[in-house]
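First comes the structure, then the notes that go with it.
The values are calculated or read from the model by the stated rules, or taken from the named source; none is laboratory data. No experiment lies behind these values; they were computed from the predicted model shown. Every residue, glycine among them, receives a Cβ derived from its backbone with ideal geometry; neighbour counts consider all protein chains shown.
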Amino acid sequence: MKKIILSAFIFVMTMTTNTFADIKMGIILGFTGPIESLTPAMAASAELAFKEASDSGSLLGGKRISVERADSTCVDSAAATSAAEGLVSGGVVAIMGADCSGVTGAIAKNVAVPNGVVMISPSATSPGLTDLKDNGYFFRTAPSDARGGQILADITKDKGIKSVAITYTNNDYGKGLADVYSAAVKAHGIKVTTEAAHEDGKADYSAEVATLASAGGDAVAVIGYLDQGGKGIIQGSLDSGAFDRFILSDGMIGDSLTDAFGKDLNKSFGSLPGSTGKGAGVFKKVASAASIDSSGPYTGESYDAAALITLAMQAGGKADRSSIQQNVMSVANAPGKKIYPGQLKKALDLLAKGKDINYEGATGVEFTEVGEAFGSFLEKEVKGGKFKTKKQR
């Protein structure tokens, strides 16, 4: 009798485990480092999508997702790789992240691709990632800087800038974007007075600012990070009077910068990936209901990255690493019913019935053949000491 009871107990426990065990997901972002003020909202946005899918009751017949966070640092590839190894060995089926281009490439090449784990980055923008040998496991909901640099150059021209000094953080992101931007502004007939790298993590940037000042220019383009060297360049420029107009890359746009400098940035402008379309408006409402500020950089892209992972699982019918990889493109692009933020249950139900979906999401997702977003951009300017969106580009 005891054997029968024990057998029945083991059967019930096995069925319970198989039916209700959580699906493990990883989120790896720079919770410390030069963009640490941006990542909390990015992570919260991704977790919002995972929660929405879990709460729907429609994900793989009622499965739920549990999330494990890891710190990419944004700049330390060894630390980021180690953190990603921890996620993968812990059994995550996919990774939302990473963020900065250098650590994203390192994780993809050394951890995700060799282990067959899908990564969808919401913010890695280096053009070099387009040619990453990823075996189809790396995607990004942010567009490449190959286009972003051109957009920033177009805005620079439209603002009437005739000459510009360029400083960039000395890594894959900074150098890649600086090269594109420099070539594009020169094509517009704008003089580039100098191109100088800067290192993050320094206490003083007076030497770098002196180099920029000696070259001169109507403005200085700061291609870097708002919580690190880029901020230091601006501080040194304002303190010395070298420059009072700054052209800002996407990594420089965030409330912590305007909180620090306020109206001293009123002549400044920049751009970052984003949209003013239907999905952006819907996401603003969905995020607000969850007390998430959707105006921050890469929040919509983070929600979209997480949503695509859940939808790819559903399309494949299982929480399996290779199945996710095989289905990301099919749920991201046409044909199919357009899906926006807050409609994941609708999408999951359609996929369960074998129907096609076309995930538009918060950012108008449309992937190229290599799995990166075509993307749109927001022109930003500082007015009254705050970042304002002027228009979509």
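If you check A196, A242, A213, A260 for being among the hydrophobic types (A, V, I, L, M, F, W, C), surrounded by 16 or more Cβ atoms within 10 Å (Cβ to Cβ) and within 27 Å of the chain's Cα centre (by Cα), only one passes: A196. For the stretch 213-244, filtering for residues that are over 24 Å from G33 (Cβ atoms) and of a type in the set (A, V, I, L, M, F, W, C) leaves 5.
In this structure, does D134 turn out to be assigned by TED's automatic domain parsing to the domain that holds T194 and farther than 21 Å from A41 by Cα? Criteria not met by D134. Scanning the stretch 149-167 for residues that are assigned to a strand (DSSP E or B) and either in contact with a Leu (Cβ under 7 Å, 6 or more places away or on another chain) or free of Cβ contacts under 8 Å to residues at least 24 places away in the same chain (or both) gives A165, T167.
Scanning the stretch 157-176 for residues that are surrounded by fewer than 24 Cβ atoms within 10 Å (Cβ to Cβ), under 19 Å from I234 (Cβ atoms) and not hydrophobic (A, V, I, L, M, F, W, C) gives K159, S163, N170, N171.
Residues satisfying the criterion are absent from the stretch 205-216 (criterion: touching a residue at least 60 places away in the same chain (Cβ under 8 Å) and not basic (K, R)).
To keep it simple, each residue is scored yes or no on (1) surrounded by 23 or more Cβ atoms within 10 Å (Cβ to Cβ); (2) under 30 Å from A221 (Cα atoms); (3) among the β-branched types (V, I, T); (4) out of contact with any Ser or Thr (no Cβ under 6 Å at 6 or more places or on another chain).
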{"site": "S291", "(1), (2), (3), (4)": "no, no, no, yes"}
{"site": "L311", "(1), (2), (3), (4)": "yes, no, no, yes"}
{"site": "G316", "(1), (2), (3), (4)": "no, no, no, no"}
{"site": "K345", "(1), (2), (3), (4)": "no, no, no, no"}
{"site": "F367", "(1), (2), (3), (4)": "no, yes, no, yes"}
{"site": "T389", "(1), (2), (3), (4)": "no, yes, yes, yes"}
{"site": "Q392", "(1), (2), (3), (4)": "no, yes, no, no"}
